[in-house]
Amino acid sequence: MEKRQLLFVKDVFLFTFTAFGGAQAHISLLLKYFVKQTHYISEEDLLELNALAQILPGPASTQTLVGIGHKVGGLKLALITFLIWIIPSAAVMTFAAISFAQLDHKVQFVLILKYIQPIALGIVAFGAYTLSRKVLITQTAVFLAISAVIVTLVLRNAYVFPLAILVGGMISSALETPKEESEIRVKLFANINPKKLAYFFGVLLFLAALGAIINRTSPFSLPIRLFENFYRNGIFIFGGGQVLVPLMFTEFVQMKHYLGSSEFLSGFALQQALPGPTFSFTSYLGAISMKNFGYGIYGQMMGGIVGVLGINLPGLILVLFIVPFWEDLKKITRIKHSLSGINAVSVGFIIAAFVLLVKPVGFDVLSIVIIAVTFLILNFTRISPPLIVLAGILLGYFM
């Protein structure tokens, strides 16, 4: 590995351990570490990669960082970048899940985390509010968001999410896209290898069939089903971590009962206190799910690996697949305009998830106050979620 690539790896480590605040904060840090300080790529290249990540399903920060790695050193450096970025936070979240599994029946541990759950709800509410202000600016977007809320609350089926996202994207694309561009589309799709697309969706279909065929009592049944669940969600999550959390809650807690709402919210709040990708939260979900079905520590570690790989693989494959012909892809405004409908549906998912998350809280005054205070702090100050979560942990410990 040449000197420039080694320096790049060093900067990836620095970025990984300082990247607090989610995708919105990550873009400014990417600009700092990889453009202004080191000039690995131009600012225009960074913004284009970020635009590509916004159009693709999956973790936007991860895809942008991997795209930078690909531009600097090709496929090998891109994969090294991916591993450096996801391993630390995924390892911490897996360890947190195992610790939670060992201690969740001890009163002191539960008391320490008693303020964490309403803080997590306040963070979700702020995410919904922030995204709503950016996305719900047309009647079509509002209609799609409301429809997504209703469909999610009424049907509560995991396949509602991909179908609603596809429909939302198709509606906004049809209503907002100009009619030209046929030559560009022909050129672009001539460059697409249909075998690669077949492999991409074939993995999902194979895992779904395997999970259905294998006996539910088999020790391999749950890991395969979990991988299929995470991989499927990785294909259809547009909007990054803000959308990941409500989708995971609705499917894993409300529909499939892999874990309880208190376990879910505690893990989400703890993840907010860590640097790195929000998608590492899935390693916690995988480990807790394995624990709740009777698997030991090694099984829980396997669950953590299954979770973080399953959710990240689709986005990783897509960004590495598309970067080579991004110059043509970005010219197609039909793709660009479909994003507004996809984001509107994503807002609806977040609102629906917040409703489902709040229901267990009921009319507990203290929890409602904490939710409101968390929301107001995030909205009117520059205090970041990690500091609020840390304050909640300390408050639970000393009170």
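The values are calculated or read from the model by the stated rules, or taken from the named source; none is laboratory data. What you see is a predicted model; the values in this text were computed from it and never measured. So basically every Cβ, Gly included, is an ideal-geometry build from the backbone, and we count neighbours across all protein chains shown. Just so you know, the surface numbers come from the protein's heavy atoms only, side chains and all, with ligands and any DNA or RNA stripped out. Shrake-Rupley method; radii C 1.70, N 1.55, O 1.52, S 1.80 Å.
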Label-to-label distance, nm, for residues given as Phe293 and Lys32 (7 Å Cα→Cβ offset): 4.1
Extension gain from Phe363 to Phe220, taking 0.36 nm per residue of separation minus the Cα-Cα distance: 47.3 nm
FRET efficiency for Phe17 and Ile213, using Cβ-Cβ distance with R0 set to 45 Å, rounded to 0.05: 0.60
Largest-first ordering by accessible area, 1.4 Å probe, given options Phe281, Phe236, Phe293: Phe293, Phe236, Phe281
By accessible area with a 1.4 Å probe, ligands and nucleic acids excluded, highest first: order of Glu176, Glu43, Glu228, Glu48: Glu43, Glu176, Glu48, Glu228
Rounded accessible area of His70 (nearest 10 Å², 1.4 Å probe): 50
Virtual spin-label span in nm between Phe321 and Leu204, 7 Å along Cα→Cβ: 1.0
